[in-house]
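Taking it in order: structure first as structure tokens, then the write-up.
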Amino acid sequence: MKIARLEAHHLANIPIQPPPFRKLPNVEHALIVEIETTDGLIGYSMGGYTHPVIVDFLNNHAADLLIGQDASCIERVIARFDRHSVVRFMGRAYLSALALVDIALWDLKGKALGVPVHKLLGGARDKVEVYVTHGAAYGGAPVYSVEELAAEAKHLAGLGNLHLKNTVGRQTVPNPADDYIRMKAMREAVGPGVKLAMDGNSRMTVAQATRLCQMTEELDISFIEEPVIDNHPTLLRELRGRTSIPVAAAENHKYSARDLLVNDAVDILQPNVTNDGGYTAGLRIGMLAQAFGRSLGHGNGSGPHNIALQAGLSNGGIVEYHFHKWMAYNAIFENVPQPENGFLHVSQEPGLGLNPKRGLIQEFRKVDRTSLLFSQPGAM
């Protein structure tokens, strides 16, 4: 099962379903990778970030590097990818590129063996809990008012969603009192039977996050995600000591999963396979978390690609249904799992069960005008 073709596609202006009660956003961009083998199988992945540099790197460096390699030897292929790439040129974009290759290879492996990827990763469960992130304003759209946020929460709960998450600390200067009002309005709109979570997007000081947590504890918050600037491990640990709300975070460009665990900084570790090196890295992070007695969860979109990891590992947990990003998945792929009474049923198809709709890549493919950094002789 040799790699015969690796191709990255930047897709643009794909029509998507807008959020409830709003008309925008109604289009999305995406980065799709195909890896085809000499046997005619194709593995697919979709990136968490769409950037011409990643497309250029994959098409003009990684493709030549990996064609001819045995696609079933994922560790070997990923090691070759890593060994012959100059990471400092790309930073976090490099990890996204590596993740795209890794995910497509696992999709291929599952298809070749006739087994779903979550079973290759361990097969701990066939369904996972899901929460819906909503109320995010994109593309210059106005921030949701308290009334809009509550109405959207009530609408989503009425559809059978049992766990909702909203952004806090989003102001130019984070305002815990304002965020409390917004979260309280959501709680009053959905009642006590729906779980609520908060996402700080790494914007608050410890003092701000502490005040917010202490104010919202009465609202029965299930967890707060990345509340502190830069996910600083010692600051997260300090916050954990001041609140009963569980703290969740993922590694970033400054701090690794190991940093978060060694510093006792999180209750829930949140690897995202599309950003953090794919399933191969996710397996390692999951095992490390298990050694520290910590459970996994997922944040930062790309939920359909993260289902397999959370379902595969015994300490796997909840998956994010980020409304905006999930609508992009629905527009791009066939048979995307959908929330049902608080759960997602894992695809039982070989591989990931995420195959692009026929003709979609050709219809929405965009040719990027880049410097072709990685296609120049001697660039790498």
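Expressed in nm to one decimal, what extension gain is obtained for the pair residue 367 and residue 39 from 0.36 nm per residue of sequence separation less their Cα-Cα distance?
Numbers: separation 328, 0.36 × 328 = 118.08 nm, distance 2.81 nm.
Using 0.36 nm per residue and subtracting the Cα-Cα distance, I get 115.3 nm.
Taking Cα centroids, how far is region 333-357 from region 175-189 in Å?
Between the Cα centre of region 333-357 and that of region 175-189, the gap is 33 Å.
How high is the relative contact order of region 166-300, in percent, with contacts defined as C-alpha pairs under 8 Å that are six or more residues apart? If you can, show how the numbers build up before the last one.
On the way: 223 pairs, mean separation 24.3, N = 135.
In percent, rounded to a whole number, it is 18.
Would you list, by chain and number, the lysines whose Cα falls below 29 Å from the Cα of residue 184, excluding same-chain residues fewer than 8 positions away?
Answer for residue 184, where 29 Å is the Cα cut-off: 23, 154, 165, 195, 325, listed by chain and number.
Does region 64-179 come out rounded, prolate or oblate by the C-alpha gyration tensor, with a ≥ b ≥ c the root eigenvalues, rounded set by a/c under 1.5 and, if not, prolate when a/b is larger than b/c and oblate if not?
Cα axes put region 64-179 in the oblate bin.
Where a ≥ b ≥ c are the square roots of the eigenvalues of the C-alpha gyration tensor, would you call the chain rounded, which needs a/c under 1.5, or, failing that, prolate if a/b is larger than b/c, or oblate? Working shown, then result.
Details: a/c = 1.67, a/b = 1.52, b/c = 1.09.
In terms of gyration-tensor shape, prolate.
Can you give me the relative contact order of region 115-215 as a percent, contacts being Cα pairs under 8 Å and 6 or more apart? Before the final figure, lay out each step's value.
On the way: 104 pairs, mean separation 29.1, N = 101.
That works out to 29 percent.
GNM on the chain, C-alpha springs below 10 Å: top fluctuator among 177, 197, 157?
177
Taking the 0 to 90 degree range and rounding to the nearest ten, how far is the long axis of helix 176-190 tilted relative to the main principal axis of the chain, both from C-alpha atoms?
Approximately 90 degrees, to the nearest 10.
Where does each of 311-322, 249-260, 131-142 land if you order them by average Cβ count within 10 Å, highest first? Numbers along the way, then the final one.
Working: 311-322: 23.4, 249-260: 19.0, 131-142: 17.5.
Averaged packing, sorted descending, gives the order 311-322, 249-260, 131-142.
By how many degrees, 0 to 90 and rounded to 10, does the Cα axis of helix 146-158 deviate from the longest principal axis of the chain?
The angle comes out at about 70 degrees.
At R0 = 35 Å, how high is the FRET efficiency between residue 284 and residue 4 if r is their beta carbon distance? Nearest 0.05 is fine. Intermediate results must be reported in sequence, preceding the final value.
Values: r = 29 Å, r/R0 = 0.82.
Taking R0 as 35 Å, the efficiency between residue 284 and residue 4 is 0.75.
Could you work out how far apart the two model spin labels at residue 205 and residue 238 are, taking each label as a point 7 Å from the Cα in the direction of the beta carbon, and quote it in nm?
With each label point 7 Å from Cα toward Cβ, the separation is 1.0 nm.
Beta carbons within 10 angstrom, averaged per residue: use that to sort the peptides 349-356, 26-33, 269-276, highest first. Present the calculation step by step, with values, prior to reporting the outcome.
Working: 349-356: 21.6, 26-33: 20.0, 269-276: 25.0.
In decreasing order of mean packing, 349-356, 26-33, 269-276 become 269-276, 349-356, 26-33.
Normalised by the number of residues in region 118-345, what is the relative contact order in percent for Cα pairs under 8 Å and 6+ residues apart? Before the final figure, lay out the partial values.
Numbers: 442 pairs, mean separation 54.8, N = 228.
That works out to 24 percent.
Compare the peptides 285-292, 96-103 by average per-residue count of other Cβ atoms within 10 angstrom and give them in order, highest first.
Values: 285-292: 18.0, 96-103: 27.1.
Result, highest mean Cβ count within 10 Å first: 96-103, 285-292.
Working from Cα positions, state the angle (0 to 90°, nearest 10) between the long axis of helix 92-113 and the longest principal axis of the chain.
70 degrees
Going toward the positive end of the dipole of the chain, with +1 on Lys and Arg Cβ and -1 on Asp and Glu Cβ, which of 296, 275, 244 do you reach last?
275
So how far, in whole Å, is the C-alpha centre of region 218-278 from the one of region 9-77?
Cα centroid to Cα centroid, the span is 28 Å.
So how do 343, 57 line up by other beta-carbon neighbours within 10 Å, fewest first? Each step should come with its number before you reach the end.
Values: 343 17, 57 26.
Fewest-to-most ranking of 343, 57: 343, 57.
Using the basic label-point model (7 angstrom from Cα toward the beta carbon), what is the residue 80 to residue 147 distance in nanometres?
Modelled inter-label distance: 6.1 nm.
Set the Förster distance to 35 Å, then compute FRET efficiency between residue 345 and residue 173 from the Cβ-Cβ distance, nearest 0.05. Let's see the in-between values first.
Details: r = 43 Å, r/R0 = 1.22.
In this case the efficiency is close to 0.25.
Given the DSSP H assignment, sum -39500 (n - 2.57) over each helix run of at least 4 residues in the chain and divide by its residue total; what's the result at 222 nm in deg cm²/dmol, nearest 500? Don't jump to the answer; show the numbers that get you there.
Values: 14 runs with 138 residues, N = 380.
After summing the helix terms and dividing by residue count, I get -10500 deg cm²/dmol.
Computed from the coordinates by the stated procedures, all read-outs in this text should not be read as laboratory data. Bear in mind the structure is a predicted one, so any value in this text is a computation, not a measurement. Cβ coordinates were reconstructed from backbone atoms using ideal geometry, including for glycine residues, and neighbour counts include every protein chain displayed.
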